[in-house]
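Trainee: This is the structure I have questions about; it appears just below.
Please treat every number below as a calculation from the coordinates, not as lab data. Quick caveat: nothing in here was measured; it's all calculated off a predicted structure. Here the Cβ positions follow ideal geometry from the backbone for every residue, glycine too, while neighbour counts run over all protein chains shown.
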């Protein structure tokens with residue numbers, strides 16, 4: 001051994017290299033590559049998200065916007081500062097519902113076949129706030145108001161836990177005897193439930209329009225709705241609530257309204273009929289395509305009420 005050689009170390013030290021193994025460099029390179037790949041993917045995603053947002057906003061600002069209510073129009077105004085949005089209420093089969101129930105311009109509505117039943121129509125989803133209907137049932141029971149609540153709706157397996165939560169909430173609040181679900185009811189079944197119900201309760205605030213509310217009103221049900229949303233544009237103020245306690249009082253009173261009031265409520269939503277929608281849509285197309293000046297004559301874009 002030459003004099004320039006290093007002295008021997010212990011056996012342990014001699015077999016443990018102080019230099020990193022080759023796998024270290026390979027792992028380090030892979031980690032750096034993965035890190036760069038992740039950053040690149042995030043950058044691409046951020047770029048794509050930004051592009052989609054900017055493209056969408058350009059499309060919004062360079063389009064003729066049509067929405068379903070003044071409530072929605074204000075939301076568009078706040079988001080995009082666009083005040084030229086056209087309001088076109090969605091079509092609702094009010095004529096079909098009224099016909100199925102035997103209502104007509106000449107016949108008068110009768111409550112003889114109706115029960116003290118409060119109807120809720122909704123998809124079984126958390127944002128629909130269906131628990132509010134359960135709390136209403138609890139308040140009514142506490143006040144000894146003789147009424148039952150039925151929730152008619154559809155649900156997806158994705159919201160199974162929420163559905164189970166609602167059923168547990170019914171048990172916990174001791175209202176199993178006055179509240180029930182009717183899942184995936186047919187149109188005929190829903191019409192039958194409407195025919196024997198007196199009140200419609202809407203549990204979610206901030207509805208953009210509220211087709212189910214119009215459907216219930218056309219069937220002569222008294223609507224009890226939150227005081228925020230597109231529905232306040234056609235539901236009388238006396239049937240709007242800002243908390244559940246006033247809502248329970250409105251429901252209790254609505255159970256005893258006269259037939260004339262139910263008739264008035266039903267007649268008030270005829271303007272949302274499918275026939276009326278088609279006429280309003282034709283007016284809209286005439287203005288946009290043929291540049292027909294109908295603003296002054298028809299108060300466009302707030303279309304006229306066309307009585308049936």
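Trainee: Could you list 163, 80, 239 so that the one with the fewest beta carbons within 10 Å of its beta carbon is first and the one with the most is last?
Mentor: So the ranking, lowest neighbour count to highest, is 80, 163, 239.
Trainee: Can I ask one more? Could you put 59, 109 in order, starting from the residue whose Cβ has the fewest other Cβ atoms within 10 Å?
Mentor: Neighbour counts put them in this order, fewest first: 59, 109.
Trainee: What's the FRET efficiency of residue 275 with residue 245 using the Cβ-Cβ distance as r and R₀ = 41 Å, to the nearest 0.05?
Mentor: 0.55
Trainee: Can I ask one more? So if we plug the beta-carbon distance of residue 60 and residue 146 into 1/(1 + (r/R0)^6) with R0 = 51 Å, what FRET efficiency do we get, rounded to 0.05? Numbers along the way, then the final one.
Mentor: Numbers: r = 51 Å, r/R0 = 1.00.
Taking R0 as 51 Å, the efficiency between residue 60 and residue 146 is 0.50.
Trainee: For the range 94-270, what does the relative contact order come out to in percent, with C-alpha contacts under 8 Å and a separation of six or more?
Mentor: Relative contact order of the range 94-270: 27 percent.
Trainee: Relative contact order (percent) for the range 107-165, with alpha-carbon contacts under 8 angstrom and 6 or more residues of separation? Provide the component values of the computation, followed by the final result.
Mentor: Working: 53 pairs, mean separation 27.1, N = 59.
This gives 46 percent for the range 107-165.
Trainee: Given 5 Å bins starting at zero, what is the percent of C-alpha pairs of the range 94-270 in each, up to the one with the largest pair distance?
Mentor: Reading the bins upward from 0: 1, 9, 19, 22, 22, 16, 8, 3, 1, 0.
Trainee: How many angstrom separate the Cα center of the range 192-264 from the Cα center of the range 86-133?
Mentor: Here the answer is 9 Å between Cα centres.
Trainee: Based only on other Cβ atoms within 10 Å, what is the fewest-to-most ordering of 228, 55?
Mentor: Numbers: 228 14, 55 10.
With the sparsest Cβ surroundings first, the list reads 55, 228.
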